[in-house]
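One structure is given below, encoded as structure tokens.
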Amino acid sequence: MTKAEFEDLLNRAGKIARDRDFFLIGSQALRGICAAIPRSFPKTIEADLYPRRHPQAWSLLRMELGNQSKFFKRHGYYLDCTDPGIATLPDGWLERLIPFRTPRTGGVTAWCLEPHDLFVAKLAAWREKDQQFLRAMLKHKFVKPAIVLKRIDELPVSPAQRAELKRLVDELVTAQRGPSKKSRDKK
């Protein structure tokens, strides 16, 4: 999804939901920190938006702008009305939201997850597309591993789950850096 497509979708969502503020919890949340998402990121045709003040509008949004809508068939991108309660987010995420609003959004704001919060939410989901996205975030230095580890400590999960998520971060960071000198010397 391009920036212009996202702006159009956000503008339309605002009109349909009669809401000026939306949570943006998926990969499009990078719009809050970069004008253009680098081409090396996995491509997506949906934006995970949820009306902040009028959550009851989600069914209308899904019908008008969702993946079964005429809008999607005509434009090739859609709104996935995703409740932030579904994502595994660290304490304090609401205070770190980053606003995205341009003249093309018609005064509607997408409140984007801060990159470290986005990273741990995708880490907790751990789907194949999330893993690709996490690798791209590390490659482009959109997150600092030390802050990611702190955010994992703020997740509402068990100590065992925290340990597993930290192991996954270590694995991703190690893979990003490439083989260590020791492992190259063994070959």
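The values are calculated or read from the model by the stated rules, or taken from the named source; none is laboratory data. In this text, all values refer to a predicted model and were calculated from it rather than measured experimentally. Cβ: placed from backbone, ideal geometry, glycine included. Neighbour counts: every protein chain shown.
Here is the figure for the range 70-119: residues that are within 16 Å of GLU7 (Cα to Cα) and assigned to a loop (DSSP other than H, G, I, E, B) total 7.
Can you tell me which residues in the range 36-53 are part of a loop (DSSP other than H, G, I, E, B) and within 17 Å of LEU9 (Cβ to Cβ)?
Initially, the range 36-53 is screened for residues part of a loop (DSSP other than H, G, I, E, B), giving 36-45, 52-53.
ALA36, ILE37, LYS43, THR44, ILE45, ARG52, listed by residue number.
Name every residue in the range 103-126 that is within 14 Å of PHE22 (Cβ to Cβ) and surrounded by 15 or more Cβ atoms within 10 Å (Cβ to Cβ), in order of residue number. Give the steps one after another, and end with the answer.
Going residue by residue through the range 103-126, those that are within 14 Å of PHE22 (Cβ to Cβ) are 105-113.
Once the filter is applied, which keeps residues that are within 14 Å of PHE22 (Cβ to Cβ) and surrounded by 15 or more Cβ atoms within 10 Å (Cβ to Cβ), the range 103-126 yields THR105, GLY106, VAL108, THR109, ALA110, TRP111, CYS112, LEU113.
Candidates are the residues of the range 52-82 that are touching a helix residue (DSSP H, G or I) at 6+ places or on another chain (Cβ under 8 Å) and within 19 Å of THR102 (Cβ to Cβ); the one that is surrounded by the most Cβ atoms within 10 Å (Cβ to Cβ) is LEU79. Would you say ASP21 is in contact with a strand residue (DSSP E or B) (Cβ under 6 Å, 6 or more places away or on another chain), of a type in the set (Asp, Glu) and surrounded by fewer than 20 Cβ atoms within 10 Å (Cβ to Cβ)? Spelling it out, ASP21 is indeed in contact with a strand residue (DSSP E or B) (Cβ under 6 Å, 6 or more places away or on another chain), of a type in the set (Asp, Glu) and surrounded by fewer than 20 Cβ atoms within 10 Å (Cβ to Cβ). Evaluate the range 82-90: report whether one residue or more is at pLDDT 95 or above and more than 13 Å from the chain's Cα centre (by Cα). Looking for residues that are at pLDDT 95 or above and more than 13 Å from the chain's Cα centre (by Cα), one finds at least one in the range 82-90, hence yes. If the requirement is being hydrophobic (A, V, I, L, M, F, W, C), farther than 21 Å from ILE33 by Cα and part of a loop (DSSP other than H, G, I, E, B), which of these qualifies: VAL173, VAL157? On inspection, the qualifying residue turns out to be VAL157. Could you check the range 120-154 and list, in sequence order, the residues that are in a loop (DSSP other than H, G, I, E, B), more than 14 Å from the chain's Cα centre (by Cα) and over 14 Å from PHE41 (Cβ atoms)? The answer is LYS144, GLU154. Here LYS144, LYS129 are screened, and the one residue that is surrounded by 10 or more Cβ atoms within 10 Å (Cβ to Cβ), closer than 18 Å to LEU30 by Cα and modelled with pLDDT under 95 is LYS129.
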